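Below: the structure, in structure tokens.
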Amino acid sequence: MKNFFIENKKAIYGGIVATLFTGLGVFLLGQLSGYEAKQLINSSHQGLNMLCNTIILASATILTLLLTLLGISTGTDSRLKSEHYYQVLDIAKLDTILLIGSLIMFQLFNIPITKADNVPISWYSNVYWFSLILSSILSGIMITVVLMLYSTVTNIIHIVGLKNDHRLITKEKEKRAS
């Protein structure tokens, strides 16, 4: 797990900055009454659904494209180090967590809580804050996944497309030749 953070620190920093930036809105709004929060939940419901749907679609697409990336990786003349495959595995794991988190958030926010009569009005502010914080976290994780994918794709472009010497290429050919 320690290696995950070290190897992906730029992507993780990007995700943290995005989370903090989008979460800044939470703190700028200040205190809300339950009634105000109920109104804001109603008005933001469609946007939350759209965010979840977009992240679900993007995550599923990324998982599919990772299979293509693996096909390119194994089909190359260059022999790639296991580090490359661990990068792809890390992206797949984080993307799967993101997909599941978005599905859960989508399901939670499709519960018609604002239509219920027996929900205490004070709960609405907690639900509203929870939705803002969770959407900020999901957005940050999405940006982290995209930055990790960008790093992996640029490595493959340098190795396969540009035929550059790269740190992810094993030196087995040199050992065999001698």
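None of the figures in this text is laboratory data; all of them are computed from the coordinates on show. The structure displayed is predicted, hence computed values, not measured ones. Every residue, glycine as well, gets a Cβ built from its backbone with ideal geometry; the counts of neighbours run over all protein chains shown.
The table below lists the values:
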{"item": "Amide H contacts of residue 80 (H built 1.01 Å from N, under 5 Å, at least 5 apart or other chain)", "result": "170"}
{"item": "Around residue 127: net Lys/Arg minus Asp/Glu count, Cβ-Cβ under 15 Å", "result": "+1"}
{"item": "Over 14 Å [Cα-Cα, region 76-120], rounded percent", "result": "69"}
